[in-house]
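Comments concern the structure below.
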Amino acid sequence: MRLVSAAWPRPGSSPSLLLLLSCSLGLVGAARRPNVLLLLTDDQDAELGGMTPLKKTKALIGEKGMTFSSAYVPSALCCPSRASILTGKYPHNHHVVNNTLEGNCSSRSWQKIQEPNTFPAILRSMCGYQTFFAGKYLNEYGAPDAGGLEHIPLGWSYWYALEKNSKYYNYTLSVNGKARKHGENYSVDYLTDVLANLSLDFLDYKSNSEPFFMMISTPAPHSPWTAAPQYQKAFQDVFAPRNKNFNIHGTNKHWLIRQAKTPMTNSSIQFLDDAFRRRWQTLLSVDDLVEKLVKRLDVTGELDNTYIFYTSDNGYHTGQFSLPIDKRQLYEFDIKVPLLVRGPGIKANQTSKMLVSNIDLGPTILDLAGYDLNRTQMDGMSLLPILKGASNLTWRSDVLVEYQGEGRNVTDPTCPSLSPGVSQCFPDCVCEDAYNNTYACVRTLSPLWNLQYCEFDDQEVFVEVYNITADPDQITNIAKSIDPELLGKMNYRLMMLQSCSGPTCRTPGVFDPGYKFDLRLMFSHHGSIRTRRFSKHPL
């Protein structure tokens, strides 16, 4: 099925030779500038079997290249995480804090300040790449107060963006700034397949004189978990994993976790099992999409000069600590995501344990294009040395995770026994978020420590600390038993990361050899411990 004819729109005039000189033509030893394909799923976890249904994807990308086993997002929510991918910045620097316009998601401020400096904008204007986007952009994209569907972010040659949040049928696309409505006919409307066909058409009709960058952002496995008809009976014997933190009380955790009812009701367990199964079903169409794209690149002779990245915007949980379904929490199941990469010079069947974040994707792709990363204000690091197998590589030992909770400071009338400010509540009054579910964490991975240190912006200044090596399910909060000196160092490192920007986000962490700690820096002139400042007004 073709969605376009030979009248496929051509890109605008190519950037001038002067601009092209901003990107080295002899990059990473390649004869040609490479193409790049970024595949982004929605709410796909790495901890609870999220990659299990994707056998073709693992074979075509992971087994042909590198799988990162320690890939994290800087915020476990769609819009802040996607903004971090595009800008290479932590949320406190791009100021997208939630999925609303008020939280800067696709707002006028975002469009004016951040969009001109995204890595696709740089690829197009400075490196001469033809750029293609298809799928979910940011959750409030297309809203009237955000410029509607006519708005095309700077840097995109071809634009096929979904209006607002993930859907599978009955949605509207912005097709290069013009609305195209889709119904509920599987053969022409199922969004994952539509994205696949649009992408294949681009590969057929693009210019061959310029390298290309493609970003394909699928709805799967986000709710409403609508699988293609041929996959709706798959995985009937599959249930959400009953791991050690499934359906247990979140002892010694933030009050929001402690409020969950344990054990969960039978209806909640049945609901989350069904959600888990349906999420996997939607991913089978993503697996088909990956297979089609890799085959087409192979047929056109471009596969050997194309880097393919596969990742998700955040993880997901189904019953952990008796929370039925959602993301937004600080634990591994919500902040850890798949990351698979193949491409020229990347050896097959590799697994990297290096600590990486999605803020690294932009710098990596710009590095592949030969752009001088010193000219950006990005917080992330290029993964290219890891992908190329550099020896004696000095790498970071920590990354920042930060989240600003959503909720109004009033009591939910359907759950009067709960504290004010809760949101994302289930019928049995288990709530997945709250206005003071606002936290920041240092996620540390070094030869000696696998640690997570988190602080909440609430009246308690509640602290959670986990030794992931001894406690991979994060059941035991060791904040009150850990060495006070280490606790102080982690507090100080968190404060530094929450105020970092650009190069200062890449300074040595607590477990880096170059780390220096001066206890006096933790205290103000009044002798009180300095703590981080959480953003209350992102705009």
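The values are calculated or read from the model by the stated rules, or taken from the named source; none is laboratory data. Because the structure is a prediction, the values reported are computed rather than measured. As a convention, Cβ positions derive from the backbone with ideal geometry for all residues, glycine included, and neighbour counts pool all protein chains shown. Note: accessible area is taken over every heavy atom of the protein model, side chains too, but ligands, DNA and RNA are not part of it. Shrake-Rupley method; radii C 1.70, N 1.55, O 1.52, S 1.80 Å.
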*Answer yes if at least one residue in segment 170-181 is surrounded by fewer than 22 Cβ atoms within 10 Å (Cβ to Cβ) and more than 30 Å from G103 (Cα to Cα), and no otherwise.*
no
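Select from segment 86-101 the residues that are part of a helix (DSSP H, G or I) and either modelled with pLDDT under 95 or of a type in the set (S, T, N, Q) (or both) and write down the one among them that is most open to solvent (accessible area, probe 1.4 Å).
Filtering first and then ranking leaves N93.
Given the options L60, L40, name the one that is under 30 Å from L149 (Cα atoms) and either modelled with pLDDT of 85 or more or open to solvent by less than 10 Å² (accessible area, probe 1.4 Å) (or both).
Working: L60 fails: under 30 Å from L149 (Cα atoms).
Just one listed residue meets the conditions, L40.
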*Of the residues that sit in segment 163-203 and are out of contact with any Leu (no Cβ under 8 Å at 6 or more places or on another chain) and among the aliphatic types (A, V, I, L, M), which one is nearest to L77 (Cα to Cα)?*
V175
*Counting just the residues of segment 440-464 that are out of contact with any strand residue (DSSP E or B) (no Cβ under 8 Å at 6 or more places or on another chain) and closer than 15 Å to L256 by Cβ, which one comes out surrounded by the most Cβ atoms within 10 Å (Cβ to Cβ)?*
D458
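Going by the structure shown, is T192 more than 19 Å from L86 (Cα to Cα) and surrounded by 15 or more Cβ atoms within 10 Å (Cβ to Cβ)? Break it down stepwise before answering.
Numbers: more than 19 Å from L86 (Cα to Cα): yes; surrounded by 15 or more Cβ atoms within 10 Å (Cβ to Cβ): yes.
It is true that T192 is more than 19 Å from L86 (Cα to Cα) and surrounded by 15 or more Cβ atoms within 10 Å (Cβ to Cβ).
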_N139, sole failed condition from (1) surrounded by fewer than 17 Cβ atoms within 10 Å (Cβ to Cβ); (2) in contact (Cβ under 8 Å) with a residue 40 or more places away in the chain_ = (1)
*What pairs come up if the first residue lies in segment 200-213 and is closer than 15 Å to I365 by Cβ and open to solvent by 10 Å² or more (accessible area, probe 1.4 Å), the second is hydroxyl-bearing (S, T, Y) and part of a loop (DSSP other than H, G, I, E, B), and their beta carbons are under 6 Å apart, counting only those six or more places apart or on different chains?*
P211/Y129
*What tally of residues in segment 102-120 results from selecting those that are open to solvent by less than 10 Å² (accessible area, probe 1.4 Å), in a helix (DSSP H, G or I) and without any contact (Cβ under 8 Å) to a residue 40 or more places away in the chain?*
1
*Candidates A220, A240, A260, filtered to the one that is surrounded by 23 or more Cβ atoms within 10 Å (Cβ to Cβ), modelled with pLDDT under 95 and under 26 Å from L77 (Cβ atoms)*: A260
*Across segment 243-257, what is the total count of residues that are at positive phi and open to solvent by 50 Å² or more (accessible area, probe 1.4 Å)?*
1
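For segment 128-141, how many residues meet the condition of being within 20 Å of S209 (Cβ to Cβ) and in contact with a Pro (Cβ under 8 Å, 6 or more places away or on another chain)? Before the answer, list the steps.
Step one: filter segment 128-141 for residues within 20 Å of S209 (Cβ to Cβ), giving 128-132.
With in contact with a Pro (Cβ under 8 Å, 6 or more places away or on another chain) added as a condition, the list becomes 128-131.
Selection size over segment 128-141: 4.
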*Keeping to segment 277-311, report how many residues are within 16 Å of T41 (Cβ to Cβ) and assigned to a strand (DSSP E or B).*
4
*Tell me, please, whether a residue that is crowded, with 20+ Cβ neighbours inside 10 Å, in a loop (DSSP other than H, G, I, E, B) and touching a residue at least 12 places away in the same chain (Cβ under 8 Å) can be found in segment 468-475.*
yes
*Report, ordered by the first and then the second residue, all pairs with beta carbons closer than 8 Å, sequence separation of six or more or different chains, a first member in segment 295-316 that is closer than 26 Å to G370 by Cα and open to solvent by less than 10 Å² (accessible area, probe 1.4 Å), and a second member that is assigned to a loop (DSSP other than H, G, I, E, B) and of a type in the set (G, A, S).*
T306/G343; Y307/G343; I308/G65; I308/G343; S312/A46; S312/G50
